[in-house]
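Before any comments, here is the structure.
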Amino acid sequence: MALRAAVLRHVRVPVRFFALARRECQPASCSVASLRLFSSHDDHLTKEEVIERVLSVVKCHPKVDPSKVSPDGHFQKDLGLDSLDTVEIVMALEEEFKLEIPDKEADKIDSCNLAIEYVYNHPMAS
């Protein structure tokens with residue numbers, strides 16, 4: 001899955017415009033009547049956007065002191081959260097980025113940095 005995300009982040013499909021096949025289409029008006037058939041995935045989130053939104057989700061958790069939140073912060077060691085709080089944060093991240101994190105992967109997310117990396121590398125995050 002990580003390989004797929006890396007490939008999708010670096011490979012772009014060229015955008016091409018094709019004129020619609022119409023009888024009344026003249027060379028001057030063909031540029032107006034065009035059809036975009038392919039699109040690159042330029043809507044992927046930037047690292048800065050992901051960092052900002054992940055930290056915002058963590059800061060909004062009721063048991064978190066917002067002044068202690070940083071991209072390198074660990075949920076249990078630095079923020080004093082327990083495992084249930086960590087699950088709640090992962091669920092909030094799923095809602096924020098409109099994605100589903102499998103339980104096996106969610107168990108590994110125990111810091112802001114791991115959450116940022118997971119979301120950034122997920123091809124469906126929005």
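Please treat every number below as a calculation from the coordinates, not as lab data. Given the structure is predicted, the values throughout are model-derived calculations rather than measurements.
Values as computed for the structure displayed
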quantity: Contour minus Cα-Cα distance for E100 and S126 (0.36 nm per residue); calculated: 8.2 nm
quantity: Under 20 Å from K104, Cα to Cα: lysines that are on another chain or at least 8 residues apart; calculated: none
